[in-house]
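Working notes for the structure below.
A short reminder: the numbers here are calculations on the coordinates, not readings from a lab. What you see is a predicted model, and the numbers here were worked out from it, not measured in a lab. Neighbour counts are summed over all protein chains in view; Cβ atoms, including those assigned to glycine, are modelled from backbone coordinates with ideal geometry.
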Amino acid sequence: MCEPITMLDIFTCLLGALFFIFIGFRPPWQPKKLQDFRHKEVQDIPGPLSLPLIGTRWLFTIGRYQMSKIPEFYKDMLRKYGVIFKEEALYNVPIISVVERSDIETVLKSTGKWPMRPPTAAVAKYRKAHPERYASTGLVNEQGGKWHFLRTSLTTVLTSPKTINDFLPQMEEIADDWCHLIKQRRYRDGRIDHLEELAGRLGLEATCALVLGRRMGFLIEDQRCEVAEKLAQSVHDNFVACRDTYFGLPFWTAFPTPNYKKLCESERNMYEFASELIKTADESTKDSAVFQSVLGAHIDEREKKSAIVDFLAAGIYTLKNSLLFLLYQIAMNPECQKKILEDTTKTYLKACSMETFRLSPTVHALARVTDTDLVLSGYKVSAGTVVLCQSALACQSERNFNDAKAFKPERWLNEEKNQTSATAAYLVTPFGYGKRICPGKRFIENALPIVLEQMVQKFVITTERPLEVVFEFLVSPKEPISMTFKDRT
Ligand code: HEM
């Protein structure tokens with residue numbers, strides 16, 4: 001005799017159905033196409049195995065990928081899963097990567113009134129725990145109205161053409177001093193074995209001159225400035241600790257892991273060394289438009305110091321890396337040095353710099369939190385999802401640039417210029433895009449060609465070693481870097 005169906009039976013059946021729906025089971029009679037049509041949601045985006053709670057972060061700790069080779073990891077993801085793939089962070093929060101030009105454009109264009117870039121969570125945690133120093137998590141990490149207030153209060157002068165134009169004569173002097181330092185430090189055959197050390201000094205000197213308004217003397221051969229060296233070291237340590245807390249297993253959210261402690265120490269040091277530099281500001285600092293604009297801003301006093309810390313931290317290391325990548329490309333392409341010397345319009349210099357940013361950006365991907373629901377490569381991605389625009393990967397694709405892996409400054413000039421610029425609009429974005437774009441962009445875009453021009457006028461630059469890169473939250477040239485600088489006669 002048949003037993004009557006009980007509530008428990010119904011509940012069990014429902015639970016079973018839910019389980020199959022949850023794991024994405026497709027009955028054999030259901031065509032795959034139909035399933036794809038119904039299920040093209042974020043959870044269907046392909047990607048590596050995600051574990052409960054820790055998502056895909058295990059890959060960099062017990063998996064086969066190294067945090068120092070994150071760009072290689074993303075290359076591998078593209079190879080395995082295609083132009084859209086998914087990682088998962090703590091609590092299985094999805095992070096979608098897009099490589100297709102149209103998807104990158106969609107994401108960057110639809111970020112709303114106050115674009116959101118996901119904060120570096122460990123830095124935000126540290127700063128929130130120190131209200132005596134930080135009134136907020138700072139311009140780089142804040143969101144929404146608070147970010148907008150900081151951005152308008154703190155960066156208007158830094159981004160203005162007048163500020164940068166007024167700074168250019170000083171930048172010429174800095175470039176000249178750097179060339180002089182190279183002459184003093186090279187061996188008889190012109191070789192320098194640790195160019196990164198000198199490039200770091202240039203990054204410090206130029207960024208401090210712009211932000212603090214005075215020459216610090218970091219380019220004087222025998223002068224050592226302990227505070228500056230420690231500041232540069234702390235900035236480096238801070239980037240590495242950001243990488244390790246971001247890509248590693250997220251235990252630091254529960255207790256202070258060694259990586260989190262390193263991050264705290266570097267944050268503390270950056271703050272203290274920057275405070276020291278600010279404290280010793282002398283008369284000349286009064287002329288600094290940037291420094292004075294920060295000090296005069298109508299904001300909480302704590303925000304002013306943390307803005308200076310953030311400007312120095314954001315500028316020093318990025319400038320060093322970008323300069324090294326640029327010099328490397330020039331050293332590998334002697335015909336470009338000739339063209340720089342022949343070109344009186346200086347457009348070739350800028351083209352070399354753009355081409356280096358296309359091939360070797362120090363920031364390999366742009367992160368955004370989507371503001372509206374989007375469709376990316378056919379998948380529905382709802383508002384509030386973290387998306388990484390994989391611009392470096394897109395820039396290396398033949399679908400976007402002919403002979404994509406070759407260094408060809410000419411693509412930015414003459415008849416090729418329009419085509420390149422149209423494709424590059426959302427892809428060659430070394431300083432980011434839109435309202436959240438790097439406020440140091442104008443400074444760097446002017447400073448790098450100045451340094452390059454002086455270098456090429458004074459030296460024949462060559463290198464024998466291929467340049468490897470290492471990921472330290474920024475893509476950096478692997479040290480030591482050796483190049484040869486022979487006097488140009
Ligand atoms: C070669 C040098 C540099 C590169 C490649 C670079 C790159 C970037 C990138 C990619 C972003 C993210 C933008 C976005 O999400 O759309 C950014 C943000 C930022 N950069 Fe730079 N940067 C450089 C130099 C500088 C300098 C010299 C300063 C300051 C003096 C600076 C200050 C900042 C700040 C404060 C932000 C956060 C902006 C915001 O969220 O509103 N950067 N930078």
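Here are the numbers for this structure:
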read-out: Restricting region 184-259 to chymotrypsin sites (Phe, Trp or Tyr not before Pro) in coil, as DSSP defines it, with at most 16 other Cβ within 10 Å; value: Tyr187
read-out: Estimated FRET transfer efficiency when R0 is 35 angstrom, pair Glu301-Gln233 (beta carbons, to 0.05); value: 0.80
read-out: Highest-first arrangement of 292-298, 448-454, where packing means the average Cβ count within 10 Å; value: 448-454, 292-298
read-out: Relative contact order [Cα under 8 Å, 6+ residues apart], region 118-216, whole percent; value: 14 percent
read-out: Gained length - Tyr91 relative to Glu468, 0.36 nm times residue gap less alpha-carbon distance; value: 132.3 nm
read-out: Arg79-Lys486 FRET efficiency (beta carbon distance; Förster radius 30 Å; 0.05 resolution); value: 0.15
read-out: Per-residue Cβ neighbour rank within 10 angstrom, fewest leading, Arg368, Arg79; value: Arg79, Arg368
read-out: Simple label model, 7 Å out from Cα along Cβ direction - Glu479 to Ala383, nm; value: 4.6 nm
read-out: Neighbour-count order for Thr463, Thr372, Thr253, fewest beta carbons within 10 angstrom listed first; value: Thr372, Thr253, Thr463
read-out: Distance-filtered residues of region 239-271 - backbone nitrogen under 15 Å, label point 7 angstrom along Thr61 Cα→Cβ; value: 243-261
read-out: Residue-span extension gain [Glu197 to His148] - 0.36 nm each, minus C-alpha spacing; value: 14.0 nm
read-out: Sorted by Cβ neighbour density within 10 Å, fewest at the top, the residues Thr362, Thr347; value: Thr347, Thr362
read-out: When the chain is reduced to its Cα atoms, the Kirkwood hydrodynamic radius in Å; value: 24.5 Å
read-out: Added length on full extension, which subtracts the Cα-Cα distance from 0.36 nm per residue, Lys435 to Asn414; value: 4.6 nm
read-out: Relative contact order (%) - criterion: Cα under 8 Å, at least six apart; region: the chain; value: 23 percent
read-out: At R0 = 30 Å, FRET efficiency that the Cβ-Cβ distance of Asp189 and Asp343 yields, to 0.05; value: 0.55
